[in-house]
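Worksheet for the structure shown next.
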Amino acid sequence: MKFRPLLAICLLFCLNLLAQKKNSQFKYHIHRLTSAVKIDGIMDEPAWQDVEVAGNFRMVLPMDTSFAKVKTEVRMAYDDKNVYILAICYKAFPGQSMVESLKRDFSFLKNDNFIFFMDTYNDQTNGYSFGSNAVGAEWDGTMYEGGKVDLSWTNKWVSAVKDYPDKYIFEASIPFKSIRYKKGISEWGINFSRNDLRTTEKSSWTPVPRQFPTASLAYTGTLVWDTPPPDPGPNIAIVPYLLTGVTKDYANHKNAVFHVEAGGDAKIAISSALNLDLTVHPDFSQVDADKQVTNLSRYELFYPETRQFFLENGDQFNNFGYASIRPFFSRRIGLTSTIIGGARLSGKLDQNWRISIMDMQTNSNQETGVPAQNFTMIALQRKIFARSNIGFLFVNKQSFNYPPSASATPADTKYNSNFGLEYNIASSDNLLTGKVLALKSFSPDKKGHDFTQAGNLQFANKYWAVGGQYEVVGANYNAGVGYVPRQGYIKLNPYIGYLFFPTHGAILSHGPQLNLTDYYDGSFNPTDNRAFLSYLITFRNKSTLTGLVERDYVKLLQPYDPTNYTGSLLPVGLQSTWHNVEISYFSIPQRLFTYDFTLDYGGYYDNGKKISVANDVGYRFQPYVNIQVNTTYNNLQLPQPWGNKAFWLVGPRVDVTMTNKFFLTGFFQYNQQGKNININTRLQWRYRPASDFFIVYTDNYLPRPLFVKNRGLVFKFTYWLNN
């Protein structure tokens, strides 16, 4: 069936709603330093007295209608090599600030912090974010899609925080070589953000509507340079690593294996806005193990990418599409076989064009039958109108010496390619957002019905959130290097929500949301329906309470084990309808002891019942120790042959941060459904900017009977060299 994408016409019409940048009247004039400064959090250098001061911050939360109660002052300057910034963050009450720990890239909402955002291309879409919490834990990331921050990015920069009874001072220097910007332009976007938990206040230099993050580049002011930023000159960084470790596979009765490996990355600046990244034999042993979940879904679960090489500047690849339609998913590369090497060219060609090209080569795996494969990705993006863009994506996976063996899986076909176009809309005030997407796949074994199209449109202001989404995925659409867990369906998803704002009392805002999600097969016959009405209450102390009632209908198109455990299957065509009620509460983040819980009770497949309880409990001995324990319990009551099944998932985690350069993380996971106990401990010492030493210990056990499946110990050393 052909689905007419009327939403595309609506999006095209809405693109005519153009306007000037919202906060263009807010300007900060940055000048060259008059004398040297030392990054120590002490404002005793004469140079800081000679620069402009940005103050009079506006409140964003709890309400966006007044100036901030807590005072913040920001100063900036530069020299031939660095951008310098100093922020004085005054306290509303004397005493200790509220933070989780000294660990990098902290949770914004759980820490007193100062963060700033630089739109170095002045396109209101891409940029950089830097900052720290009140005790000096650093935050750095790249920005994409106009207000999202990728904290996986890391580069060389220096900061310090000094605490005083009535304030804390953040001071930093950021090398021009650590960021990318358009040569010759003398205006960047800029905004400064402050979060203060004791007053429950979030504020920013420029006014930002409360429904948007302070990271929203649509609401930045202007950083005006007295002369265009200096050319950073030749910019080459080499990051080699040396690794040694021992692993033992007890489950397959194999001897311990001792190994020594070496490899590394190189970063070469082609221009001030375009970068070439190279990697040889990359190793990701220092990456945290996946957080396990109890899986009661009929489809493959999504585990986010955590390997930095694939995340850095990867938004053009990783964010193309929707959560359930990803033509590229980097976790398909290198998890079943080792990566030999790869290259990525990414950045800005000019004010309107962005490009990303990546090529990766993997080895074959004789044990699993996976052949040697090459992965090629090309993304091109063109800015149009105020903040919208058109994107193109090409993804190709090519297998060598195919077929490799009789054990090869269906995913290891000779080739798979995907072409896609995406039209992203973002109005100048960010009130209207959406996209239209079209994809086609090419595979040797799947032809016809291999198209996908989707679109959405949303309007969101302080009171209303109204929108809708549709998806049409062909039965033979195949994203071999992507994440598309379901094929052969049509999806319609309208929703509407409203918020009330009492003028006084304990409640800050409250309101309902109605959400309808319908799935149909290719002939428009209904197969799934989920309808829920929720009510969200946000208290002035930042705690939240949510209640939800839900109706579900499912017609099975494939045999399905409702426990994902026993192997017994419900038949194709079985129709089930049930109702659920759910309540969840998140405590206030200001306290040392925090908790949240979600209780879900209702029906399940084949007239069954389900009770689910999930909670997180945390305590912090700030700023050095942060303890979290998450627990999930699912009880399923089904007819025979399943009967009554219960699954526990328990995951304690401890973060110890003696300084903002020395981190020890340990966590334990018991997954009853997955029949696994996992222990992972990681020590990280950042002995100089962007250079680390890691010790990682991993254990996996079979719970019953308790038996070691595998064990590993790794030592890894990285060093950042640059000119």
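For this structure, a couple of remarks:
- Selected residue (only one of Lys447, Lys491, Lys462, Lys414 is under 27 Å from the mean Cα position of the chain (by Cα) and more than 22 Å from Leu61 (Cβ to Cβ)): Lys491
- Residues in segment 685-693 include at least one that is free of Cβ contacts under 8 Å to residues at least 60 places away in the same chain, surrounded by fewer than 16 Cβ atoms within 10 Å (Cβ to Cβ), part of a strand (DSSP E or B) and charged (D, E, K, R).
- Considering residues of segment 541-574 that are closer than 30 Å to Met63 by Cβ and small (Gly, Ala, Ser) only, the residue surrounded by the fewest Cβ atoms within 10 Å (Cβ to Cβ): Gly547
- Considering segment 616-682, the qualifying strands (runs of 3 or more DSSP E), each wholly inside and each with 3 or more residues that are aromatic (Phe, Trp, Tyr), run over 662-671.
- Any hit, segment 108-121, residues being assigned to a loop (DSSP other than H, G, I, E, B), among the polar types (S, T, N, Q) and surrounded by fewer than 20 Cβ atoms within 10 Å (Cβ to Cβ): no
- Selected residue [farther than 30 Å from Phe451 by Cβ and out of contact with any His (no Cβ under 9 Å at 6 or more places or on another chain)] from Gly263, Gly245, Gly321, Gly221: Gly221
- Positions within segment 349-393 being touching a Ser or Thr at 6+ places or on another chain (Cβ under 7 Å) and hydroxyl-bearing (Ser, Thr, Tyr), in sequence order: Ser356, Thr362, Ser364, Thr368
- Note on segment 443-500: residues that are among the hydroxyl-bearing types (Ser, Thr, Tyr) and in contact with a helix residue (DSSP H, G or I) (Cβ under 9 Å, 6 or more places away or on another chain) total 2.
- Pick from segment 609-628, criterion within 16 Å of Thr294 (Cβ to Cβ) and crowded, with 16+ Cβ neighbours inside 10 Å, ranking: nearest to the chain's Cα centre (by Cα): Asp616
- Looking across segment 497-530, the residues that are more than 25 Å from the chain's Cα centre (by Cα), under 30 Å from Asn461 (Cα atoms) and among the β-branched types (Val, Ile, Thr) come down to Thr503, Ile507.
- Within segment 271-301, the set of residues being surrounded by 12 or more Cβ atoms within 10 Å (Cβ to Cβ) and of a type in the set (A, V, I, L, M, F, W, C) comprises Ala273, Leu274, Leu276, Leu278, Val280, Phe284, Val287, Ala289, Val293, Leu296.
- Selection count where residues are among the aromatic types (Phe, Trp, Tyr) and surrounded by fewer than 16 Cβ atoms within 10 Å (Cβ to Cβ), scope segment 503-540: 2
- Failed criterion for Phe114 (all others in (1) over 18 Å from Pro689 (Cα atoms); (2) touching a Leu at 6+ places or on another chain (Cβ under 9 Å) hold): (2)
- Checking Arg704 against (1) part of a strand (DSSP E or B); (2) at pLDDT below 95; (3) over 24 Å from Ile611 (Cα atoms); (4) more than 27 Å from the chain's Cα centre (by Cα), the condition it does not meet: (1)
- Considering only residues in segment 19-48 that are small (Gly, Ala, Ser) and farther than 10 Å from Thr222 by Cα, the one that is modelled with the lowest pLDDT turns out to be Ala19.
- Output for segment 627-652, where each listed residue is within 30 Å of Asp112 (Cα to Cα), among the polar types (S, T, N, Q) and touching a Phe, Trp or Tyr at 6+ places or on another chain (Cβ under 8 Å): Thr631, Thr632
- Residue that is farthest from Leu345 (Cα to Cα), among those in segment 248-291 that are small (Gly, Ala, Ser) and assigned to a strand (DSSP E or B): Ala262
- Positions within segment 522-555 being out of contact with any Lys or Arg (no Cβ under 8 Å at 6 or more places or on another chain) and of a type in the set (Gly, Ala, Ser), in sequence order: Gly522, Ser523, Ser534, Ser543, Gly547
- Phe212 vs. criteria part of a loop (DSSP other than H, G, I, E, B), among the aromatic types (Phe, Trp, Tyr) and at pLDDT 90 or above: yes
- Check on Phe310, in contact with a helix residue (DSSP H, G or I) (Cβ under 6 Å, 6 or more places away or on another chain), crowded, with 18+ Cβ neighbours inside 10 Å, touching a residue at least 12 places away in the same chain (Cβ under 8 Å) and part of a loop (DSSP other than H, G, I, E, B): no
- Count - residues of segment 477-510 that are small (Gly, Ala, Ser) and within 20 Å of Leu533 (Cα to Cα): 2
- The sole residue among Leu61, Leu86 that is in contact with a Lys or Arg (Cβ under 6 Å, 6 or more places away or on another chain) and either within 30 Å of Pro234 (Cβ to Cβ) or of a type in the set (Val, Ile, Thr) (or both) is Leu86.
- Trp139 meets the conditions (1) among the aromatic types (Phe, Trp, Tyr); (2) farther than 30 Å from Phe385 by Cβ; (3) in contact with a Gly (Cβ under 6 Å, 6 or more places away or on another chain); (4) not in a strand (DSSP E or B) in every case but one. The failed one is (4).
- Looking only at residues of segment 560-593 that are of a type in the set (Ser, Thr, Tyr) and in contact (Cβ under 8 Å) with a residue 60 or more places away in the chain, we find that the one that is nearest to Lys202 (Cα to Cα) is Thr563.
- Test: residue in segment 134-144 that is in contact with an Asp or Glu (Cβ under 6 Å, 6 or more places away or on another chain), surrounded by 20 or more Cβ atoms within 10 Å (Cβ to Cβ) and of a type in the set (Val, Ile, Thr): yes
- Checking each residue in segment 145-173 for being surrounded by fewer than 22 Cβ atoms within 10 Å (Cβ to Cβ), of a type outside the set (Ser, Thr, Tyr) and closer than 18 Å to Leu86 by Cβ picks out Trp157, Val158, Ala160, Lys162, Asp163, Asp166, Lys167, Ile169.
- Qualifying position, being under 23 Å from Gly321 (Cα atoms) and in contact (Cβ under 8 Å) with a residue 60 or more places away in the chain, among Leu492, Leu437, Leu516: Leu437
- Residues that are within 30 Å of Thr503 (Cα to Cα) and either among the hydrophobic types (A, V, I, L, M, F, W, C) or in contact with a helix residue (DSSP H, G or I) (Cβ under 9 Å, 6 or more places away or on another chain) (or both), drawn from segment 519-555: Phe532, Leu533, Leu536, Ile537, Phe539, Lys542, Leu545, Leu548, Val549
The values are calculated or read from the model by the stated rules, or taken from the named source; none is laboratory data. Not measured: the values here are computed from a predicted model. Positions of Cβ are backbone-derived with ideal geometry, glycine not excepted, and every protein chain shown enters the neighbour counts.
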